[in-house]
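One structure below.
The values are calculated or read from the model by the stated rules, or taken from the named source; none is laboratory data. This structure is a prediction, so every number in the text was calculated from the model and none was measured. Neighbour counts run over all protein chains shown; Cβ positions are idealised from the backbone, glycine included.
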Amino acid sequence: MIDRKNLRTPIVCVMGHVDHGKTTLLDKIRGSTIVSGEAGAITQHIGATEVKIGVIADKLGDPKLIHHFLVPGLLFIDTPGHHAFTTLRSRGGALADLAIVVVDINEGFKPQTYESLQILKRFKTPFVVVANKIDKIRGWISQKDMSFAVTFKKQLEDVQSRLETKLYELVGELYNQGFAAERYDRVTNFQKTLSIVPVSAITGEGIPDVLMILIGLAQKFLEANLQYSSKIPGVGTVLEVKEEKGLGTTLDIILYDGMLKKGDTIIIGSLGEPINTKVRALLKPRELSEIRYESKFQQVNKVTAAAGVKISAPDLEGAIAGAPIRVATEETLEKIVAQVKSEIDEVRIDTDSTGIMIKADTLGSLEALAHEFQKDKVPIRKAEVGDISHRDTVGASTVEDPLYSVIIGFNVKIHSDARDFLQESSNVRVFINDVIYRLIEDYHKYVKEQQEMSEKKIFETIIRPGKFKILPGCVFRQSKPAVVGVRVLGGVVRTNVDIILENGNVVGKIKGLQAEGENIPSARVGKEVAMAIEGATVGRQIKEEDVLYINVPERHAKVLEQEIYESLSTDEKETLDILLGLKRKDNPFWAK
């Protein structure tokens, strides 16, 4: 029998889009009924489930396989989207050893799928894609709990063809995301090619294959990472801080190295100084159950890595999800406090003197969110863990630039007094979502809208270029004011602006425009209108067939050329270029 005493259980994070079957998949693996008791059958909170190697061997249909496996089992983290993955952090980055990305084979990739893939790529975490809901493919005949290889052979040819088509759509999409992928039984190099396992979380088809691939990946690529000592003081990460009836504030943690005992002194990261407290009770879920659904926890005296456990202790209120937790002794206390403080300090996001504010529910989420915004060169003024407070909204309201009087909230709530303030203050924009890329898209959409509004305001106030010709035979009055028929040759003409001849001389001001007997404020290229010109006499300053231009003020011309040139129409650009040429004959630096 293989000695697995020095190998801890690999931590497996289950990721993917909402309602693509993450919890149902785990239910099938562990034989629990969490989904049936959960609103909407969608995971709402973080959980951890340890599945022992004996259970996995049974699922594979051969209990004797237990003698060939090195790892003692698998510890599954089940949570919405990528939330647990970013929460499970250590000094080196991500703490999860492996990941499963669940995707509905019939719906394909969704926002949280793309988000999961990008995060896994960034942290170089080995993972497998589970193509779920094969039982929903038209004509599929289910074979309960069978391996995919067996059940696939029992399908009709046209059903097999339908599955292959859907599978290669996933392969193509993964290629677009930078991954070489193939159906798991066709993979020859698991280090270079991503495995896709078709499954049904409802019927259990393909589940044995998923477990076999995970065990194989753990033993082939992770053995060195799974070495641990049960004798060293425990090291872990806080998954969730929550109130429990009769216990007060508790911590759900993942212990990933060493041992944690009842009565141990533990140091926990917080936004202030690290928390120093003693373990009052260790509450462990029973096998094949989960922390957040178990109403009667099993009290234990100690736990060894890797394990999910609930800690009851005094003074836990300031703890934050994603923070490190370490066991300390009298001799190591000072050193451990410094280490924990250092880990929290490492998460300080580089900030700018101006920029947006970011609030997130955990340290890991904060890091991931800030990373994506900084990648897009969006400046960040402040980045913190926690819900959006009144102080946050007041701070954002003092920022004058509308692009930065913004609060981005990932998986957080808004305090009631902050909500009241937002109703009174119209200049602060708040975006809240539990998908990072949706927040980024929403912010960029907002920026685009603000820029368009700004350009619209400029367009409304700025004098734009215009060119027109006095039509022959269309002089209706010679002066006071002169009234003539004109055709607009370029740009736009409007009332109350000066006009010039091609020699640059100002000859008058447009006092009125009429089309079909109606007064109009402006006329665009191609229009023929009646124009009243104050200060000019036909036959003296102007005559039939003269070509004239709107006299754009120098500061307006500068804005038109340097700031909004690309927003102008083709004929406006041509007219502006001619006008600039006329003005710069005598002054080369005009409007520069």
>> Here is a list: Val538, Val497, Val506, Val552. Which entry is more than 22 Å from Ser479 (Cβ to Cβ), among the β-branched types (Val, Ile, Thr) and surrounded by 13 or more Cβ atoms within 10 Å (Cβ to Cβ)?
In response: Val552
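Mind counting the residues in the stretch 213-232 that are surrounded by fewer than 19 Cβ atoms within 10 Å (Cβ to Cβ) and more than 14 Å from Thr125 (Cβ to Cβ)? It would help to see each step written out before you state the result.
Initial filter on the stretch 213-232 (surrounded by fewer than 19 Cβ atoms within 10 Å (Cβ to Cβ)): 216, 219-225, 227, 229-232.
So of that shortlist, the ones also more than 14 Å from Thr125 (Cβ to Cβ) come out as 216, 219-220, 223-224, 227, 229-232.
Here the count works out to 10.
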>> Looking at (1) free of Cβ contacts under 8 Å to residues at least 40 places away in the same chain; (2) within 24 Å of Ser116 (Cβ to Cβ), which one does Ser200 not meet, given that it meets all the others?
In response: (1)
>> I need the helices (runs of 4 or more DSSP H) fully contained in the stretch 111-212, keeping only those with at least 3 residues that are more than 21 Å from Asp58 (Cα to Cα).
In response: 111-123, 157-176
>> Step by step: first the residues of the stretch 353-388, then only those that are more than 28 Å from Leu117 (Cβ to Cβ) and of a type in the set (Val, Ile, Thr), then the one that is surrounded by the most Cβ atoms within 10 Å (Cβ to Cβ). Which residue is that?
In response: Ile388
>> It is to be established whether one or more residues within the stretch 192-210 are over 30 Å from the mean Cα position of the chain (by Cα), of a type outside the set (Asp, Glu) and more than 23 Å from Gly21 (Cβ to Cβ).
In response: no
>> Condition (residue is modelled with pLDDT of 85 or more, basic (Lys, Arg), in a loop (DSSP other than H, G, I, E, B) and within 26 Å of Lys335 (Cβ to Cβ)) applied to the stretch 217-235: is it met by at least one residue?
In response: no
> Of these, Gly258, Gly172, which one is surrounded by fewer than 16 Cβ atoms within 10 Å (Cβ to Cβ) and either touching a strand residue (DSSP E or B) at 6+ places or on another chain (Cβ under 8 Å) or of a type outside the set (Asp, Glu) (or both)?
Replying inline: Gly172
> When both residues are 6+ apart or on different chains and their Cβ atoms are under 8 Å apart, which pairs have a first residue that lies in the stretch 397-409 and is touching a residue at least 24 places away in the same chain (Cβ under 8 Å), and a second that is part of a loop (DSSP other than H, G, I, E, B) and hydrophobic (A, V, I, L, M, F, W, C)?
Replying inline: Ser397/Val428; Ser405/Val399; Ser405/Val428; Val406/Val428; Ile407/Val428
> Counting only residues that are surrounded by 15 or more Cβ atoms within 10 Å (Cβ to Cβ) and aliphatic (A, V, I, L, M), which one in the stretch 448-470 is nearest to Ile358 (Cα to Cα)?
Replying inline: Ile458
> Of all residues in the stretch 407-447, which are surrounded by 14 or more Cβ atoms within 10 Å (Cβ to Cβ) and among the small types (Gly, Ala, Ser)?
Replying inline: Gly409, Ala418
> Residues of the stretch 433-457 being without any contact (Cβ under 8 Å) to a residue 40 or more places away in the chain and under 16 Å from the mean Cα position of the chain (by Cα), which ones?
Replying inline: Asn433, Glu441, Asp442, Lys445
> Does any residue in the stretch 553-581 that is without any contact (Cβ under 8 Å) to a residue 12 or more places away in the chain come within less than 7 Å, Cβ to Cβ, of a residue that is in a helix (DSSP H, G or I) and exposed (fewer than 15 other Cβ atoms within 10 Å of the Cβ) six or more places away or on a different chain, and which pairs are these?
Replying inline: Lys573/Tyr565
> Any residue at all in the stretch 389-398 that is crowded, with 22+ Cβ neighbours inside 10 Å, at pLDDT 90 or above and within 25 Å of Ile275 (Cβ to Cβ)?
Replying inline: yes
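Looking at the structure I just gave you, is Glu334 free of Cβ contacts under 8 Å to residues at least 24 places away in the same chain and surrounded by fewer than 18 Cβ atoms within 10 Å (Cβ to Cβ)?
Criteria met by Glu334.
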> Going through the stretch 326-339 one residue at a time, which ones are farther than 15 Å from Glu273 by Cβ and of a type in the set (A, V, I, L, M)?
Replying inline: Val327
> Counting only residues that are hydrophobic (A, V, I, L, M, F, W, C), over 10 Å from Pro198 (Cα atoms) and over 34 Å from the mean Cα position of the chain (by Cα), how many does the stretch 123-149 have?
Replying inline: 3
